[in-house]
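Undergrad: Quick one: the structure is below, and I'll ask about it shortly.
The values are calculated or read from the model by the stated rules, or taken from the named source; none is laboratory data. As the structure is a computational prediction, the values presented were derived from the model and not from experiment. Cβ: placed from backbone, ideal geometry, glycine included. Neighbour counts: every protein chain shown.
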Amino acid sequence: MKTIAILGSTGSIGTQTLDVVRANGDIQVCAVSAGSNIRMLESQIREFHPKLAAVWEESYARELKDRVADTPTKIVWGMDGLLELAAMPESEILVTAIVGMIGIQPTIAAIKAGKDIALANKETLVTAGHLIMPLAEKYKVRILPVDSEHSAIFQCLHGEESKTIEKLLITASGGPFRGRTREELKSVTVEDALKHPNWSMGSKITIDSATMVNKGLEVMEARWLFGVDLDQIQVVVQPKSIIHSMVEFQDGAVMAQLGTPDMKLPIQYALYYPQRRFLAGDRLDFSALTQIEFANPDQETFRGLPMAIEAAKAGGSMPTVFNAANERAVALFLARKIHFLDIYDIIAGAMEQHKVVQAPDLAKILEVEAGTYEWIESRWHF
């Protein structure tokens, strides 16, 4: 019996992780957490009987405690609650399915407690990869990627030596606006941006896919996960999301991981690595698959990708600025307070005004995040 704790159990990755748990029957969920979806969290507590459940606000914790008073589950809240969840002695793997930089501190706590990390929280490596990867090595824990693209690369590298990597090829669907011009993007709505052609994801990640920011974050994350230089990473558009990513080796061989777009596959692979198990669902029908199309990303229209590369090259605290500005801008867009293209302007402005701090520690990373939010509030009036 494998035991896991889940940060963000009511979101897209969290709920699909619980689908994997249900399908296999040999995983114990010792902890769950949510931001504000108390009704779903209560349902999860009653189904999976975790020892602990965490929420962000104390008021939600009080409500949840009343709702599950007939169960033995302990209710905690705030960052202290997330840290307690992350370091629980019962768990073997922490699934970081939470969105945002809020995931950094619990991930560090879990690593120090000797937990393997099933990583779905991009921000952890984007902003603190220089801290996380050496820490994981020091405590001899595994960082197991859950993102479909990074899982694909991870699978392609199984049994290979990292020094033989020539290039990582990260695929992108192109999102819901692939092929549109900048002029056409001026009038797109929140509803338009949330219509991803292939994947079912949370709203923030879906908007990031529409802006191509998501692919930029994945490039930054891949750099740390696989120990390669930025110029060894290439993004290619593959609209049907059949090839999830590829690795080119020094001898010219290219290995790819293919499959239908189903996040349960990388989740299950991370939880049982290196074992593979049966996973119910659709299979690729190669008799019906006539071609696989590739294209270069349109980096003039979809500025999220080149700005991410610029932030990664600047290094230090700049990826934190990029990430924090994007988080705030996406929240404002989803709240219908800004237009779609304003997301790019907010990120660009935040990066332009920032003076890079090299090798920031955790306190500085969080300070830069807060400073970026403050700068946006002072320059943009909603």
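Undergrad: With the checklist (1) assigned to a helix (DSSP H, G or I); (2) free of Cβ contacts under 8 Å to residues at least 40 places away in the same chain in hand, flag the one item Gly159 doesn't pass.
TA: Among (1) assigned to a helix (DSSP H, G or I); (2) free of Cβ contacts under 8 Å to residues at least 40 places away in the same chain, Gly159 violates only (1).
Undergrad: Give the number of residues within the range 245-268 that are among the hydroxyl-bearing types (Ser, Thr, Tyr) and touching a Ser or Thr at 6+ places or on another chain (Cβ under 6 Å).
TA: Result for the range 245-268: 1.
Undergrad: Do you know which residues across the range 344-358 are in a helix (DSSP H, G or I) and either touching a residue at least 40 places away in the same chain (Cβ under 8 Å) or touching an Asp or Glu at 6+ places or on another chain (Cβ under 7 Å) (or both)?
TA: Tyr344, Ile347, Ala348, Met351
Undergrad: I need every pair where a residue in the range 241-253 that is touching a residue at least 12 places away in the same chain (Cβ under 8 Å) has its Cβ under 9 Å from the Cβ of a residue that is surrounded by 18 or more Cβ atoms within 10 Å (Cβ to Cβ) and among the charged types (D, E, K, R), sequence separation at least 6 or different chains.
TA: From the range 241-253, the pairs are His244/Glu149; Ser245/Glu149; Ser245/Glu218.
Undergrad: Also, I was wondering about something else. Going through the range 16-47 one residue at a time, which ones are farther than 21 Å from Ala87 by Cβ, among the polar types (S, T, N, Q), buried (at least 16 other Cβ atoms within 10 Å of the Cβ) and without any contact (Cβ under 8 Å) to a residue 40 or more places away in the chain?
TA: Asn37
Undergrad: Would a scan of the range 120-136 turn up a residue that is within 17 Å of the chain's Cα centre (by Cα), free of Cβ contacts under 8 Å to residues at least 40 places away in the same chain and more than 22 Å from Ala61 (Cβ to Cβ)?
TA: Within the range 120-136, one or more residues are within 17 Å of the chain's Cα centre (by Cα), free of Cβ contacts under 8 Å to residues at least 40 places away in the same chain and more than 22 Å from Ala61 (Cβ to Cβ).
Undergrad: While we're on this one: Pairs needed: first member in the range 359-382, within 15 Å of Thr124 (Cα to Cα); second member anywhere, assigned to a helix (DSSP H, G or I) and not β-branched (Val, Ile, Thr); C-beta distance under 6 Å; at least 6 residues apart or different chains.
TA: So the pair list comes out as Ile365/Ala128; Glu369/Met101; Glu369/Ala324.
Undergrad: Taking Ser317 and the conditions (1) out of contact with any Phe, Trp or Tyr (no Cβ under 7 Å at 6 or more places or on another chain); (2) closer than 27 Å to Glu184 by Cβ; (3) surrounded by 13 or more Cβ atoms within 10 Å (Cβ to Cβ), which numbered condition does it fall short on, given that it satisfies the others?
TA: Of everything listed in (1) out of contact with any Phe, Trp or Tyr (no Cβ under 7 Å at 6 or more places or on another chain); (2) closer than 27 Å to Glu184 by Cβ; (3) surrounded by 13 or more Cβ atoms within 10 Å (Cβ to Cβ), Ser317 misses just condition (2).
Undergrad: Need pairs with beta-carbon distance below 7 Å; first residue closer than 17 Å to Val321 by Cβ and within the range 207-230, second crowded, with 24+ Cβ neighbours inside 10 Å and among the aromatic types (Phe, Trp, Tyr); sequence gap 6+ or separate chains.
TA: Pairs that qualify, where the first residue is closer than 17 Å to Val321 by Cβ and the partner is crowded, with 24+ Cβ neighbours inside 10 Å and among the aromatic types (Phe, Trp, Tyr), are Thr211/Phe302.
Undergrad: Can you tell me which residue among Gly202, Gly175, Gly129 is more than 19 Å from Thr96 (Cα to Cα) and among the small types (Gly, Ala, Ser)?
TA: Gly175
Undergrad: For residues in the range 282-292 being surrounded by fewer than 10 Cβ atoms within 10 Å (Cβ to Cβ) and closer than 29 Å to Asp208 by Cα, which is farthest from the chain's Cα centre (by Cα)?
TA: For the range 282-292, the residue satisfying everything is Gln291.
Undergrad: Out of the residues in the range 85-106 meeting the condition of being surrounded by fewer than 18 Cβ atoms within 10 Å (Cβ to Cβ) and over 21 Å from the mean Cα position of the chain (by Cα), tell me which one is nearest to Leu18 (Cα to Cα).
TA: That would be Glu90.
Undergrad: Here's another thing I want to ask about it. State whether one or more residues within the range 286-303 are touching a helix residue (DSSP H, G or I) at 6+ places or on another chain (Cβ under 7 Å) and either of a type in the set (A, V, I, L, M) or in a helix (DSSP H, G or I) (or both).
TA: Looking for residues that are touching a helix residue (DSSP H, G or I) at 6+ places or on another chain (Cβ under 7 Å) and either of a type in the set (A, V, I, L, M) or in a helix (DSSP H, G or I) (or both), one finds none in the range 286-303, hence no.
Undergrad: Could you list, in sequence order, all residues of the range 73-105 that are touching a strand residue (DSSP E or B) at 6+ places or on another chain (Cβ under 7 Å) and of a type in the set (D, E, K, R)?
TA: Lys74, Glu84, Glu90, Glu92
Undergrad: Could you check the range 9-121 for helices (runs of 4 or more DSSP H) lying wholly inside it with 2 or more residues that are within 30 Å of Pro134 (Cβ to Cβ)?
TA: Those helices (runs of 4 or more DSSP H) span 12-24, 78-86, 104-112.
Residue-by-condition table, conditions (1) at pLDDT 95 or above; (2) in a helix (DSSP H, G or I):
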position	(1), (2)
Met133	yes, yes
Lys140	yes, no
Phe154	yes, yes
Lys163	no, yes
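Undergrad: For Ala109, state whether it is under 19 Å from Thr3 (Cβ atoms), under 19 Å from the mean Cα position of the chain (by Cα) and surrounded by fewer than 23 Cβ atoms within 10 Å (Cβ to Cβ).
TA: yes
Undergrad: Right, something else. State which residue is modelled with the lowest pLDDT when the search covers only the range 1-15 and only residues that are surrounded by fewer than 20 Cβ atoms within 10 Å (Cβ to Cβ) and in contact with a strand residue (DSSP E or B) (Cβ under 8 Å, 6 or more places away or on another chain).
TA: Met1
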